[in-house]
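The block underneath contains the structure these notes are about, expressed in C-alpha cells.
The values are calculated or read from the model by the stated rules, or taken from the named source; none is laboratory data. Everything numeric here is computed off the predicted structure, so don't read it as measured data. Quick reminder, even Gly has a Cβ in these numbers, built from the backbone with ideal geometry, and neighbours come from all protein chains shown. Areas reflect the complete protein model, heavy atoms only, side chains present, ligands, DNA and RNA absent. Shrake-Rupley method; radii C 1.70, N 1.55, O 1.52, S 1.80 Å.
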Amino acid sequence: MPLTAQDKSYTTKSKKAIGFYEQSEDYYIRRQYGQAVALLEKALEKDEDFAEAYLRLMRIYQTIDDRQKISLYANKIVSLQPDNPRFAEAPLQLAILAFQTGKYAYSREYLDKILSLNPLPKRIGEEAERLKVNVDFAEEAIKNPLPFNPQPLPATVNKLPLQYFPVLTADQQSIIFTGRKGTTPQYDEDIYICTKSPTGEWQAPKQISTNINSEFNEGTCTISADGRTLIFTSCLGRRGFGSCDLYISYKQGDEWSVPENLGNTVNSSSWESQPSLSADGKALYFVSDRPGGFGQRDIYVTHLSADNQWERPLNLGREVNTRYDEVSPFIHVNGQTLYFASTGYPGFGGFDLFFTEKENNSWKKPKNLGYPLNTFEDQVSLYMTADGEKGYYSYERGREGQNYTSTLSEFDVPEEIRVTNRSNFVKGVVRDAETRKELSAQVELYDLREQKREYAVQSDPATGEYMMVLTEGSEYALYVEKQGYLFESLAFNYSDTIQKNKQLDPVYIDVDLQPIKAGKETVLNNIFFDTDQYETKKKSKTELAKIVMFLQSNQQININIAGHTDNVGNKTYNKELSLKRAKAVRDYLIQAGIAEERVGYQGYGQDKPIALNDTEDNRQKNRRITFEIVE
C-alpha cells in the first residue's frame with residue numbers, strides 16, 4: 001500500500017532515490033511490476049539503506065508469491081529498521097514464512113518482537129495475534145501426534161503423473177478421481193475410475209466415459225453411494241454460467257448419460273467447484289467464490305426438492321465458513337459428518353483438514369484432524385469410508401520447481417478422529433420372483449423412530465442392482481416396491497451398535513418381488529409388539545401406512561392378515577395372541593379407510609413355522625405378521 005502524506009519522512013536523504021521510488025508508485029498501483037521493480041532497484045543503487053524501497057519490493061513479491069525474494073527483502077528491512085513499528089510488516093512476513101515451513105520457534109521469535117513494538121498498526125497486530133494462536137496450536141499438537149500410516153495405492157492405480165481428489169462408492173469397489181497425463185497445465189484434466197477385481201485387487205484406471213470426458217477440463221467430482229449419480233466440475237469449454245460450473249450425469253447399466261449443467265439456480269457467474277454429494281443424492285455441498293460469502297471461497301449446500309429440482313444454495317454460515325478460505329468439502333455417507341479444508345482455523349500452516357458434525361440441524365465447532373495428517377504443507381482433499389476406518393487422499397510432492405507429482409494414498413483412521421456414527425450398506429439385485437428378470441424398483445429407507453424417509457433410490461433398470469447406506473443410531477425399515485408387485489419389507493436395528501461395539505458388516509440381500517396374484521404372501525418385518533402384548537408399537541406406523549398405500553393403489557385386491565408365533569409357551573395362548581395381533585393390524589387398516597370386506601385376519605400361533613425353533617434368530621423369524629392376496 002502506498003505511503004500517505006504524513007508518512008513521507010523517508011529513511012533516505014537521496015533525492016534521486018526518492019524520485020525513482022515515487023515514480024514506481026504508479027506502476028505498482030497498476031500492477032505493472034516489471035517497471036516498478038526496475039525503478040526501485042535504481043532507487044537502491046542511489047541508497048542501499050532505503051527501507052521504503054525494500055518494503056515495496058517485498059510487497060510486489062508477496063503479490064506474485066516469490067517466497068525467496070520476500071525473505072530476502074524482509075530480512076534487509078529488519079536489519080535496517082529492527083525497532084520501527086512502521087516497518088513491522090517485514091518481520092510479520094518472516095514470521096509467516098517460518099510458520100509456512102514448519103519452523104514454529106522462529107515464527108514465535110518474530111511474533112514476540114512484533115507484539116513488543118509500539119504503536120503497532122492495527123492490521124499488523126491482529127494478524128500477528130492470529131498467527132501466534134496458530135503457532136501455539138501447532139506446537140502443542142505436535143507433542144501429541146496421532147498414529148498415521150499412509151500407504152500409496154498400488155502402482156496399478158497410480159499410473160498417471162497426477163491423480164487427485166479421490167472419491168469412492170460406499171462399497172469401496174470403485175474409486176473415481178481427477179487425473180492428468182502430464183504435470184503442466186497444458187495437459188487436460190479428465191475423470192478416471194478404478195474398480196476392484198473379484199479377488200479384491202485394484203485394476204488399472206480408465207477414463208470414466210467418453211460422454212463425460214472431453215477436450216475441456218473435467219475436474220473434481222463426487223459420486224452417490226450407489227455409484228450411479230456423478231457430479232463434476234467443468235471449466236472453460238462447456239456452455240455454462242461462470243468460469244467453472246457443476247454438471248450431472250447418471251449411470252444406467254454400464255453407460256453414463258450426457259452431462260447436464262445443474263442450472264443457474266446452483267451455478268452462478270462466479271466459480272463453482274469441488275462438489276460433494278450426500279449418500280442419497282439429495283444434498284450437494286460445493287465451493288463458490290460468489291458475492292455475499294464470509295470469505296473469498298465458502299462452502300454452500302443445495303438440496304433436491306420433492307419435484308427433483310435443485311434448490312437455491314445456502315451458505316453454511318459462520319458455523320463453518322470464515323473470512324479466509326474453506327474448500328474441498330466431503331460429506332460422509334452418514335450425512336452427519338462434514339470434512340473440509342480451511343486456512344481460517346488454528347492449524348499448522350497453509351490449508352489444514354477439519355471436520356464438524358451436525359447436531360440438531362446445526363454444525364458443531366470444527367476440529368483440526370491433527371498431526372501428522374495435517375502439517376505445514378497444504379492438505380486439501382480427503383475421503384472417509386462408510387465405516388470410518390479408512391481414509392483416502394492425494395499426496396503431492398514438489399519436483400523441479402513448478403512441476404510436481406501427486407499420488408493416491410490410503411491410511412487407517414486413528415480412533416480419535418473417526419466418525420461418531422459409522423455406516424455400512426445393504427446391496428443386492430431386485431428381480432421378478434417368477435421370471436427372474438431384473439427389475440427397476442423403488443428402494444426406500446425409513447427411520448422408524450422419527451417415522452421419516454431417509455433415502456430413496458431406484459434399482460438399475462439394466463441390472464436390477466441397488467445399494468443403500470445404513471448408519472448407526474436408529475432402527476430402519478427398507479422397502480422395495482414396484483407397481484404390479486407385492487412390496488418387500490426388511491428390518492435393520494442399528495440403535496445399539498455403538499453401545500455394544502458391534503461389528504458393522506455390509507449386508508447383501510437379493511430381493512425377489514412377487515407379482516400380485518392370489519396366494520402370494522409377504523412378511524411385514526416392521527410391525528412390532530411388546531412381549532405378550534397385541535397393541536402395535538408406535539414405530540410400526542411406517543409399515544402400517546405402507547400397507548394402506550398399497551391397498552389404496554390396488555383397489556381390486558383383498559388380503560388376509562395372519563399372525564404367527566414361535567413354539568415357546570402354551571400353544572393355545574400363542575394362537576390367541578397371534579389372532580389378536582392380526583386383528584390389531586386389520587383394525588388399523590379399517591380405521592385408515594380400507595373397506596372391512598377387503599381385509600380378513602387369522603391367527604396361526606406356532607402351527608406354520610418358516611424356520612426351526614432351535615435358536616433365537618430362528619424363533620424371531622417365526623414371530624411374524626404376514627399378509628396374503630386372496631380371491
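Miscellaneous remarks
- Single residue of region 232-258 satisfying the filter (under 19 Å from the mean Cα position of the chain (by Cα) and among the β-branched types (V, I, T)) that is surrounded by the most Cβ atoms within 10 Å (Cβ to Cβ): T233
- All positions within region 12-55 that are exposed (fewer than 13 other Cβ atoms within 10 Å of the Cβ) and basic (K, R): K13, K15, R30, R31
- Once region 360-386 is narrowed to residues that are among the hydrophobic types (A, V, I, L, M, F, W, C) and open to solvent by 30 Å² or more (accessible area, probe 1.4 Å), the residue that is modelled with the highest pLDDT is F376.
- Count of residues meeting criterion [over 22 Å from the mean Cα position of the chain (by Cα), farther than 17 Å from Y485 by Cβ and free of Cβ contacts under 8 Å to residues at least 40 places away in the same chain] in region 426-464: 2
- Checking region 204-219 against the condition returns no match, with no residue being among the aromatic types (F, W, Y) and either open to solvent by less than 20 Å² (accessible area, probe 1.4 Å) or modelled with pLDDT of 90 or more (or both).
- Candidate set from region 387-411 (those that are at pLDDT 90 or above and touching a Gly at 6+ places or on another chain (Cβ under 8 Å)); member that is surrounded by the fewest Cβ atoms within 10 Å (Cβ to Cβ): F411
- Within this structure, I557 fails the test of being at pLDDT 95 or above and surrounded by 16 or more Cβ atoms within 10 Å (Cβ to Cβ).
- Among the residues of region 525-571, just one is touching a Ser or Thr at 6+ places or on another chain (Cβ under 9 Å), among the aliphatic types (A, V, I, L, M) and farther than 21 Å from E597 by Cα, namely I527.
- Qualifying position, being over 45 Å from the mean Cα position of the chain (by Cα), open to solvent by 70 Å² or more (accessible area, probe 1.4 Å) and under 30 Å from N134 (Cβ atoms), among S9, S79: S79
- When Y604, Y573 are checked against the criterion of being at pLDDT 90 or above and open to solvent by 80 Å² or more (accessible area, probe 1.4 Å), a single residue qualifies: Y573.
- Candidate set from region 614-631 (those that are of a type in the set (S, T, N, Q) and open to solvent by less than 40 Å² (accessible area, probe 1.4 Å)); member that is nearest to S489 (Cα to Cα): T626
- Subset of region 255-276 (residues that are more than 17 Å from T220 (Cα to Cα), in a loop (DSSP other than H, G, I, E, B) and touching a residue at least 40 places away in the same chain (Cβ under 8 Å)): S257, V258, G263, T265
- The lone exception for A170 - which of (1) of a type outside the set (S, T, Y); (2) over 20 Å from K390 (Cβ atoms); (3) at pLDDT below 90; (4) buried (at least 20 other Cβ atoms within 10 Å of the Cβ) it fails: (2)
- Residues of region 109-138 satisfying the condition of being among the hydroxyl-bearing types (S, T, Y) and surrounded by 19 or more Cβ atoms within 10 Å (Cβ to Cβ): Y110
- Scan of region 66-93 for residues that are of a type in the set (A, V, I, L, M, F, W, C) and over 16 Å from G125 (Cβ atoms), ordered by number: I70, L72, A74, I77, V78, L80
- Hits in region 47-75 - residues which are under 37 Å from the mean Cα position of the chain (by Cα) and without any contact (Cβ under 8 Å) to a residue 12 or more places away in the chain: D65, D66, Q68
- Residue count, region 278-327 (criterion: at pLDDT 95 or above and small (G, A, S)): 1
- Where strands (runs of 3 or more DSSP E) fall entirely within region 420-526, those with at least 3 residues that are open to solvent by 30 Å² or more (accessible area, probe 1.4 Å) are at 452-458, 488-493.
- Filter pass, K583 being within 18 Å of T522 (Cα to Cα), charged (D, E, K, R) and not in a helix (DSSP H, G or I): no
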